[in-house]
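One structure is given here, and the rest of the page talks about it.
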Amino acid sequence: MKKYLIGTCAFNEGAKIRSVIERFSDYDSYDVLIIDDGSTDRALEAIPSRIPVKVIRNEHNRGAGHCVRQILKYGREQGYVAVFFIAGNDKDSPADIPKLKTAIEEGFDFVQGSRYLPGGSQGGMPFYRKISTRFIHPFLFSLITGRNITDSTNGFRAVRLSILEDQRIDIDQDWLDRYELEPYLFYKAIQCGHRVKEVPVTKIYPPKGVSYTKMKAVTGWWSILRPLVYLGLGIKK
């Protein structure tokens, strides 16, 4: 059995999720799990038999946090050491997987990909996303954690599954079903004293006119900011 699992979530990603499957193709090094979160585009119905990808389908759309929870639980049940999370819309680079793996093998428990560290890069990002992902969210995240973090919203990361044995980390809370779970887990990894590291990565957005996110401008960003408010004020644990 392999030590590492690549996990990704897909909701009507069409050709983008098929490109992810083709690009992240080092199947001798890791297994791949895709959560199809109620897609209606049938993009994952014809994966070539030569590609050893496991697909778990949700009958209805459950949300990004719910899918991340499914991947983490599957990884624990199957005995993997760590999960590498990648975007289902083909924005992440396979060349950066070894950076996550190296950090895990150095003993880090939570490895966060950063577009904004030296050596990292991003392309095609809308201006308002640059402001929110480079300045607003990292500033607030760093403020409440007491640690300087350069990229707190990037979903390209690695999680050592043993940190979920920490009773102070509760990923099963109902309010974590949408975009809340990822910043919650990042925050708790730091707060609970687990070894955390950022590594430089690349994230390239698709050309203008091509859909790159399912996140709604207001409710989606509140979903990402809510953990900082709740945890910072002690409303949630």
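Key figures
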{"item": "Residue match in region 46-55 (condition: aliphatic (A, V, I, L, M) and either modelled with pLDDT of 95 or more or under 30 Å from residue 191 (Cα atoms) (or both))", "result": "yes"}
{"item": "Residue among 6, 34, 21 that alone is buried (at least 18 other Cβ atoms within 10 Å of the Cβ), modelled with pLDDT of 95 or more and either over 23 Å from residue 223 (Cβ atoms) or out of contact with any strand residue (DSSP E or B) (no Cβ under 6 Å at 6 or more places or on another chain) (or both)", "result": "6"}
{"item": "Which listed residue, of 42, 62, 57, is more than 28 Å from residue 1 (Cβ to Cβ) and out of contact with any helix residue (DSSP H, G or I) (no Cβ under 7 Å at 6 or more places or on another chain)", "result": "42"}
{"item": "Test result for residue 131, over 28 Å from residue 34 (Cβ atoms) and surrounded by fewer than 17 Cβ atoms within 10 Å (Cβ to Cβ)", "result": "yes"}
{"item": "Checking residue 83 against (1) among the aliphatic types (A, V, I, L, M); (2) buried (at least 20 other Cβ atoms within 10 Å of the Cβ); (3) out of contact with any Phe, Trp or Tyr (no Cβ under 6 Å at 6 or more places or on another chain); (4) part of a helix (DSSP H, G or I), the condition it does not meet", "result": "(4)"}
{"item": "Residue match in region 201-214 (condition: modelled with pLDDT under 95, out of contact with any Leu (no Cβ under 6 Å at 6 or more places or on another chain), buried (at least 19 other Cβ atoms within 10 Å of the Cβ) and in a loop (DSSP other than H, G, I, E, B))", "result": "yes"}
{"item": "Residue match in region 104-115 (condition: modelled with pLDDT under 95 and part of a loop (DSSP other than H, G, I, E, B))", "result": "no"}
{"item": "Residue, surrounded by the most Cβ atoms within 10 Å (Cβ to Cβ), within region 135-170, restricted to residues that are within 20 Å of residue 229 (Cβ to Cβ) and of a type in the set (Lys, Arg)", "result": "147"}
{"item": "Residue check for residue 149: in contact with a helix residue (DSSP H, G or I) (Cβ under 6 Å, 6 or more places away or on another chain) and assigned to a loop (DSSP other than H, G, I, E, B)", "result": "yes"}
{"item": "All positions within region 29-63 that are touching a Gly at 6+ places or on another chain (Cβ under 8 Å) and not in a strand (DSSP E or B)", "result": "41, 43, 59, 60, 61, 62"}
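The values are calculated or read from the model by the stated rules, or taken from the named source; none is laboratory data. Keep in mind that this is a model prediction, so the values were computed, not measured. Cβ sites come from the backbone with ideal geometry, for glycine too, and all protein chains shown count toward neighbours.
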